[in-house]
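Report on the following structure.
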Amino acid sequence: QPELVGDFGTLMVWADAGRRMKVRANAETPLDAQTARDFGAEGIGLCRTEHMFFDASRITAVRQMILAEDEKGRRVALDKLLPEQRKDFTAIFEVMAGLPVTIRLLDPPLHEFLPHQESEFAEVAEAAGVGIEVLKQRAAELHEFNPMLGHRGCRLGVTYPEIYEMQARAIFEAACSLEVAPVPEIMIPLVGTKRELELMKDVVDKAAEEVFAEQGKRIDYLVGTMIELPRAALMADEIAEVGSFFSFGTNDLTQTTLGVSRDDAARFLTHYVDKGIYARDPFVSLDVEGVGQLIEIAATKGKATRPDIKLGICGEHGGDPASIAFCEKVGLDYVSASPYRVPIARLAAAQAALAKK
Ligand code: PEP
Ligand code: MG
């Protein structure tokens, strides 16, 4: 396990004394969560649940769920996934005992879940008890021309609420099973409107009430949203009426603000930086090119509606020192970075706080 010892450890103790913002980590496995804790993470800022779905033991059930004809078919697959998710969340809560854990409900580009090989279709056909041809036709119907702007994030939860219902149930069952109950922060992805968040929060709240009644026990939890679309940033005052926290998803927010594909930008970005079109790589630094301005607008509007709203960032920028300085400037409560960037984030957060004094 990594450890921060000697002079470096001392420096980190000084840094922690000087910083205001908390530092969390992006992690979805108990191992990554443990690494993050060893590096001083004070919680998980983003647990991407879609990563859990790719596990070889469950991808067939996931494909069965996605390719199901109707809700009944989806629920058959979801019943297989519920115990797996319960285990996933229990393990993470145990590692992070006592610290906040933000779990983001499913946000896949749908095409990543679709089967491609003949053998993959055959596995789903056997699990679901339907013919391969039916599944191939369904996969063709689900094809998207632009998956990153397509049926992902909460759009999936709006069309198939039973998926988010299963995940919320797994989170609450896991949390209730522990002696020291965590305070899960349930996060809805790719929200653009207040109504989307309202619908998804209803699904989560309903699952919570059901589990609490079954277990004869209640726990505290929060429901909040990613802010990763310009519309969400601009309408943050409305969205804050429903969500009790915002986490800035600056990977998507950069993509959608600049209209630049996060997966294809490499082909021209160096030219843009060399020729001074962008001051820096906008997928690294958010203090330039308008993304930061949207964060500032959203933070101000969110606080106007809900003064105690919790504000964080979980895009890649959360581990970038210049971006962390910007987060300090606009008053975010925490940054969340990948586990190995947690020490840098702790130092950068301290430098940013000291520079403000
Ligand atoms: C983001 O968009 O910044 C984010 C954290 O979500 P993801 O990278 O999973 O889309
Ligand atoms: Mg995103």
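Every read-out reported here was derived from the displayed coordinates using simple, explicitly stated rules and does not represent laboratory data. No experiment lies behind these values; they were computed from the predicted model shown. Glycine gets a Cβ as well: all are built from the backbone with ideal geometry, and neighbour counts include every protein chain shown.
Here are the numbers for the structure shown:
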| item | result |
| --- | --- |
| Ranked 142, 31, 156, criterion: other C-beta atoms within 10 Å, fewest first | 31, 142, 156 |
| Net dipole in debye of the chain [+1 Lys, Arg Cβ; -1 Asp, Glu Cβ; about Cα centre; nearest 20] | 1000 debye |
| Candidates per chymotrypsin sites (Phe, Trp or Tyr not before Pro) in the range 138-185, loop by DSSP, up to 10 other Cβ within 10 Å | 145 |
| Helical contribution to [θ] at 222 nm, DSSP H n ≥ 4, -39,500 (n - 2.57), averaged over the chain, rounded to 500 | -16500 deg cm²/dmol |
| Model label zone, residue 300; criterion: amide N under 19 Å from point 7 Å along Cα-to-beta-carbon; scope the range 311-349 | 311-312, 326-333 |
| Highest to lowest packing among 212-223, 239-250, 323-334, 81-92, scored as the average C-beta count within 10 Å | 239-250, 323-334, 81-92, 212-223 |
| In nm, spacing of pseudo-spin labels at residue 215 and residue 11 (7 Å Cα→C-beta vector) | 4.2 nm |
| Share antiparallel - DSSP beta bridges, the chain, percent rounded to 5 | 0 percent |
| Over the range 1-117, relative contact order from alpha-carbon pairs under 8 Å, at least 6 apart, % | 31 percent |
| Residue among 259, 150, 192 with the largest mean-square fluctuation in a Gaussian network model of the chain, springs linking Cα atoms under 10 Å | 259 |
| Debye, to nearest 20: dipole size of the range 13-157, +1 on Lys, Arg Cβ, -1 on Asp, Glu Cβ | 640 debye |
| Cβ-derived FRET efficiency at R0 51 Å, residue 177 paired with residue 277, nearest 0.05 | 0.45 |
| Cα centroid separation - the range 322-354 against the range 1-76, whole Å | 18 Å |
| For the range 214-341: Kirkwood Rh in Å [reciprocal of mean 1/r, alpha carbons] | 15.3 Å |
